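To keep things clear, I will list the structure first and then write my remarks on it.
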Amino acid sequence: MTSNYKEIVGKKVLVTGGAGFIGSNLIEKLLSLKVKITCLDNFATGKRENIAPFLDHPDFTLIEGDIRHLEDCRKACENQEYVLHQAALGSVPRSINDPITSNDVNVGGFLNMLMAAKDAGVKRLVYAASSSTYGDSEALPKVEDNIGKPLSPYAVTKYVNELYADVFKKTYDFDTIGLRYFNVFGRRQDPNGPYAAVIPKFVQLLIKHEAPVINGGGEYSRDFTYIDNVVQMNLLAMTGENENAVNQVYNVACGDRTTLNDLLEFLKEYLSDFDGEINKVEAIYGPYRKGDVPHSLASIEKAEKLLNYKPTHSVKEGLKEAVTWYWENLK
């Protein structure tokens, strides 16, 4: 972390989707900084075990509710100073299978949160945007002002979030910051289910000595981003006092890309410290997935300049920490 964040001690912060992977990591960090946390979650994808350690904490309040219901959003926003909006239905394949629900949650729910936060006098809403917004743009690295056309319903919903945030500044003078996450991974990321992210899914299969399935030839690449870098960016976005930094969108990434083939080799190497047999597991190659972007690499210059973002973990450093956590928690 690049700051001790003394200025947020005692502040009141709402984390939507707080029982999810990213949300629960944000809550853990904020509670350690003596921030008063309200968590809003409907547990559609979030897990109760993710927030179980916080339930008895004097600065933690849980509201079971759904961002699709405006009254739940209004209740959660009462007396809050900041909102970290993580609640969403992720996954490109999920949105292709069920675009209506993805839109209801990611667009309708986002608009509800904007209205509730604005009406409650919240100072700033920081929201989870997505690298999927870059769509069919082939330019690398991805720079915030240069996007293409979306390639999935999920990408459409995340782009609409950015448009609504911009309109709320122009129309209501309500401050937001959007964070375009690039393939976040780390502790508490769920390896189960049809829409599980690639890293925890691969780790779980390798631990069982089962072959991971790589979509395509394995040369698609991603800017994999460790959870601690994402937590840092949320805190910087929440606390930043630079007027030019507000009402912007930022890439949240490492500024480095890793192919799926290389990713698998890294995971096998690090897991082999615990079980040497894992090194012998070979991948199975399947068809390309619809809506997948071939390559993803972020420029993080804007975040470095305006928010003083400095990634604390490279991909390899993050993978080593994540693999250790999964080994202790998945077996």
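The values are calculated or read from the model by the stated rules, or taken from the named source; none is laboratory data. These numbers were taken from a predicted model, which means no experiment stands behind them. Positions of Cβ are generated from backbone atoms using ideal geometry, with glycine treated the same way; all protein chains shown enter the neighbour counts. Side chains are part of the model used for accessible areas, which takes the heavy atoms of the whole protein and leaves out ligands, DNA and RNA. Shrake-Rupley method; radii C 1.70, N 1.55, O 1.52, S 1.80 Å.
Residue pairs whose Cβ atoms lie under 6 Å apart, separated by 6 or more positions or on different chains, with the first residue in region 102-117 and farther than 11 Å from N161 by Cα and the second of a type in the set (D, E, K, R), are D104/R68; A116/R74. Of the residues that make up region 122-144, is at least one outside any helix (DSSP H, G or I), open to solvent by 40 Å² or more (accessible area, probe 1.4 Å) and either touching a Cys at 6+ places or on another chain (Cβ under 9 Å) or basic (K, R) (or both)? There is at least one residue in region 122-144 that is outside any helix (DSSP H, G or I), open to solvent by 40 Å² or more (accessible area, probe 1.4 Å) and either touching a Cys at 6+ places or on another chain (Cβ under 9 Å) or basic (K, R) (or both). Taking the criterion of being farther than 21 Å from L111 by Cβ, of a type in the set (V, I, T) and either touching a Leu at 6+ places or on another chain (Cβ under 9 Å) or modelled with pLDDT under 95 (or both), the only residue of region 28-49 that qualifies is I37. Assuming T101 fulfils every condition listed in (1) touching a helix residue (DSSP H, G or I) at 6+ places or on another chain (Cβ under 6 Å); (2) of a type in the set (S, T, N, Q); (3) over 24 Å from R257 (Cα atoms) apart from one, which condition is it? The failed condition is (1).
Of all residues in region 145-156, those satisfying the criterion of being open to solvent by 60 Å² or more (accessible area, probe 1.4 Å) and either over 26 Å from M113 (Cβ atoms) or basic (K, R) (or both) are N146, K149. Per the listing L236, L205, the residue uniquely modelled with pLDDT of 95 or more, in contact with a Pro (Cβ under 8 Å, 6 or more places away or on another chain) and of a type in the set (A, V, I, L, M, F, W, C) is L205. Going through (1) within 20 Å of H295 (Cα to Cα); (2) of a type outside the set (G, A, S); (3) crowded, with 20+ Cβ neighbours inside 10 Å one by one, I177 falls short only on (1). Looking only at region 112-128, decide whether some residue is more than 20 Å from the chain's Cα centre (by Cα) and modelled with pLDDT under 95. No, that holds for no residue.
Across region 157-192, the number of residues qualifying as free of Cβ contacts under 8 Å to residues at least 60 places away in the same chain and over 16 Å from L114 (Cβ atoms) comes to 1.
Can you spot a residue in region 75-97 that is touching a helix residue (DSSP H, G or I) at 6+ places or on another chain (Cβ under 7 Å), touching a residue at least 24 places away in the same chain (Cβ under 8 Å), among the charged types (D, E, K, R) and more than 19 Å from I177 (Cβ to Cβ)? Yes, some residue in region 75-97 is touching a helix residue (DSSP H, G or I) at 6+ places or on another chain (Cβ under 7 Å), touching a residue at least 24 places away in the same chain (Cβ under 8 Å), among the charged types (D, E, K, R) and more than 19 Å from I177 (Cβ to Cβ). Checking each residue in region 182-200 for being more than 22 Å from V231 (Cα to Cα) and touching a Pro at 6+ places or on another chain (Cβ under 9 Å) picks out N192, P194, Y195. Each residue in region 1-41 was checked for being under 15 Å from E64 (Cβ atoms) and either open to solvent by 70 Å² or more (accessible area, probe 1.4 Å) or free of Cβ contacts under 8 Å to residues at least 24 places away in the same chain (or both), and 0 of them qualify.
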